Amino acid sequence: MPLSPATRHDPAWPGRVGWMLLGTVLLWPLLRATEFRPWALFDAESLRVTGRFLAAFVPPAHSPEFLWLVARETWRTVAIATAGISLGLLLAVPLALVSARPLSVSALTGRMAPLPKALRQAARALLVVLRSVPELVWALAFVRVVGLGPAAGVLAIALTYGGMLGKVYAEILESGEPQVTQTLLRNGATRLQAFAYGLLPQNAAELTSYTVYRWECAIRSSVVLGFVGAGGLGQQMDSSLKMFAGGEVLTMLAVFVALVALADRFSAALRKSLG
Amino acid sequence: MKLELQGLVARHAAAHAGAGDALAGLSFQVQAGETVAVIGPSGAGKTTLLEVLACARAPTAGAVRLDGADPWALPRRALQALRGRLILVPQVPPLPPRQRVVTAVLAGRLPAWSLGRSLRSLFYPVDIPAADDALEVFDLADKLFQRVDRLSGGERQRVGLARALVAPARLWLVDEPLSALDPARAESAVSALVREATARGATLVATLHQVDAALAHFPRILGLREGRLLFDLPAAEVTRAHLSRLYAQHEDELHGAAPAADMPAPAPAVAMQCR
């Protein structure tokens with residue numbers, strides 16, 4: 001029997017329109033609060049200022065001494081990012097393993113027991129604290145403790161990225177099918193065994209690609225950290241900007257594009273070999 | 001391992017509130033070293049029974065005793081150790097797609113291994129002969145170093161059975177071991193399973209859809225229907241009348257082929273999540 005004309009309308013429609021209107025109403029004050037006026041970008045005065053600023057960027061600086069300096073600082077930047085991520089992993093992996101629900105033995109038969117649950121919540125809370133303090137703030141704190149230089153940047157990245165990696169690792173581990181791990185735990189394997197034989201091979205590709213992506217982010221972070229004296233390309237860029245040496249800035253930006261592209265290719269190759 | 005069930009009531013894994021009990025008052029005993037087949041139409045509670053016996057699901061009423069001990073009275077560590085002395089082989093063994101067959105089989109050994117040994121085995125399998133022998137029993141020796149995702153459904157099912165052979169288990173709980181096998185393979189797989197369990201002195205409880213295979217290879221048959229024990233007889237005493245009562249209104253399952261195993265959909269390609 002065909003539906004009567006009145007019932008042929010999509011019943012979900014009024015709700016959808018309602019949510020859209022509500023979204024717009026909520027978004028408007030946000031745009032006001034952020035002084036969002038994109039048309040200001042295009043008036044004649046702004047265009048002239050922007051044009052002058054950008055014109056100072058060409059030609060890129062390419063004297064041999066400068067290129068050698070950039071190469072040395074690039075190496076230092078990569079080292080800061082890599083050391084920071086590696087230290088961050090030391091924090092992230094254990095915390096992710098503690099907080100990942102599929103590795104809970106007591107949750108095999110329904111609810112998780114109170115003590116493991118409290119431990120899991122504590123691990124999550126620690127991850128929240130680690131990543132909610134921006135790396136810039138950590139760096140400013142560490143610059144005071146360990147002095148100007150890359151060490152402060154490494155420690156800042158390690159703490160913030162440990163928090164981010166731990167949270168997302170735990171989420172990746174929880175997002176897949178739980179049956180593989182469940183079968184191993186049900187047959188008497190320990191948590192770490194179940195992780196190594198079930199959860200890890202299942203999620204290796206995604207974990208790897210996320211880690212490489214975060215490494216790429218750490219390279220960008222280390223630039224910002226350089227502005228507060230944590231060494232590397234960022235510190236160099238800071239002094240070039242202060243001296244209005246646009247060509248030097250452009251050369252260093254080109255190095256960043258190359259580094260990010262490299263990370264991208266590396267990640268793609270790893271995913272291909274793992275997934 | 002000796003099994004005792006007393007007035008066992010349990011619910012299905014996916015039971016919603018208000019659904020009936022999957023097992024409604026089961027009482028029987030299985031002596032150590034005995035081999036038993038559980039037959040019955042779909043929805044009789046066969047899988048739930050195996051899960052309760054495997055300590056993977058707590059009964060809602062009644063008692064289950066393994067070697068005279070109530071597993072649910074044990075501390076969690078002892079319960080996990082008990083789970084290491086039994087193995088539950090699911091109908092479709094969930095295996096990480098990129099894992100190699102040798103690793104997937106040796107995962108059955110995990111309860112007997114220390115963490116160090118388990119990790120070492122991921123770099124170089126520590127007991128290749130054991131895995132090879134177990135696969136040989138199920139005609140899979142040539143697949144030893146292949147990846148799991150290259151296997152057919154039937155081959156995966158036999159990998160799951162091979163895992164039981166290497167496990168340090170005194171109790172084998174095997175769910176529908178033949179559901180993805182062709183008749184010739186099914187015949188040789190079920191006879192190998194019974195032969196190996198008997199040779200090891202392990203207790204074997206298998207649920208089966210193939211009534212003929214159950215009657216031909218298992219000395220004792222339990223007929224399960226709607227969560228109740230309809231009969232518990234030596235295979236020779238099971239008559240056509242018993243079977244038609246067991247399968248009343250499910251005659252197609254008695255005469256026709258077993259319903260196709262619900263194979264899980266192939267794992268989706270790794271999707272990068274935007275974080």
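Please state which one of A:SER221, A:SER239 is assigned to a helix (DSSP H, G or I), surrounded by 24 or more Cβ atoms within 10 Å (Cβ to Cβ) and either out of contact with any Pro (no Cβ under 8 Å at 6 or more places or on another chain) or assigned by TED's automatic domain parsing to the domain that holds A:VAL143 (or both).
A:SER221
Of the residues that sit in region B:86-95 and are facing chain A (nearest Cβ under 7 Å) and in contact with a Leu (Cβ under 8 Å, 6 or more places away or on another chain), which one is surrounded by the fewest Cβ atoms within 10 Å (Cβ to Cβ)?
My answer is B:LEU88.
Assess whether B:ARG117 counts as being within 14 Å of another protein chain (Cβ to nearest Cβ), touching a residue at least 40 places away in the same chain (Cβ under 8 Å) and of a type in the set (D, E, K, R).
Taking the combined requirement at face value, the residue does not satisfy it.
Is it the case, given these coordinates, that A:ARG48 is more than 30 Å from B:ALA56 (Cβ to Cβ), in a helix (DSSP H, G or I) and assigned by TED's automatic domain parsing to the domain that holds A:GLY231?
Here the answer is no, as A:ARG48 does not meet what is asked.
Evaluate region B:66-78: report whether one residue or more is outside the structural domain of B:ARG150 (by TED's automatic domain parsing) and surrounded by 19 or more Cβ atoms within 10 Å (Cβ to Cβ).
Taking every residue of region B:66-78 in turn, at least one turns out to be outside the structural domain of B:ARG150 (by TED's automatic domain parsing) and surrounded by 19 or more Cβ atoms within 10 Å (Cβ to Cβ).
Inside region A:136-203, counting only helices (runs of 4 or more DSSP H) that do not spill past its ends, which hold 1 or more residues that are of a type in the set (S, T, N, Q), within 21 Å of B:ARG57 (Cα to Cα) and facing chain B (nearest Cβ under 8 Å)?
A:179-186
Mind telling me which of the residues A:VAL143, A:VAL78 ends up being under 29 Å from A:TYR213 (Cα atoms), of a type in the set (Val, Ile, Thr), under 21 Å from the mean Cα position of the chain (by Cα) and buried (at least 18 other Cβ atoms within 10 Å of the Cβ)?
Being under 29 Å from A:TYR213 (Cα atoms), of a type in the set (Val, Ile, Thr), under 21 Å from the mean Cα position of the chain (by Cα) and buried (at least 18 other Cβ atoms within 10 Å of the Cβ) holds for just one of A:VAL143, A:VAL78, which is A:VAL78.
Condition check: more than 13 Å from chain A (Cβ to nearest Cβ), basic (Lys, Arg) and over 16 Å from the mean Cα position of the chain (by Cα). Does B:ARG100 satisfy that?
No, not satisfied.
So in region B:112-152, with the set limited to residues that are among the hydroxyl-bearing types (Ser, Thr, Tyr) and surrounded by fewer than 17 Cβ atoms within 10 Å (Cβ to Cβ), which one is farthest from B:ARG85 (Cα to Cα)?
B:SER152
Would you point out which residue out of B:ARG77, B:ARG83 is touching a residue at least 12 places away in the same chain (Cβ under 8 Å) and charged (D, E, K, R)?
Exactly one of B:ARG77, B:ARG83 is touching a residue at least 12 places away in the same chain (Cβ under 8 Å) and charged (D, E, K, R), namely B:ARG83.
Which count do you get for residues in region B:62-85 that are assigned to a loop (DSSP other than H, G, I, E, B) and within 13 Å of another protein chain (Cβ to nearest Cβ)?
4
The values are calculated or read from the model by the stated rules, or taken from the named source; none is laboratory data. All values reported here derive from a predicted model rather than from experimental measurement. Because the Cβ atoms are built from the backbone with ideal geometry, glycine has one as well, and the counts that use them run over all protein chains shown.
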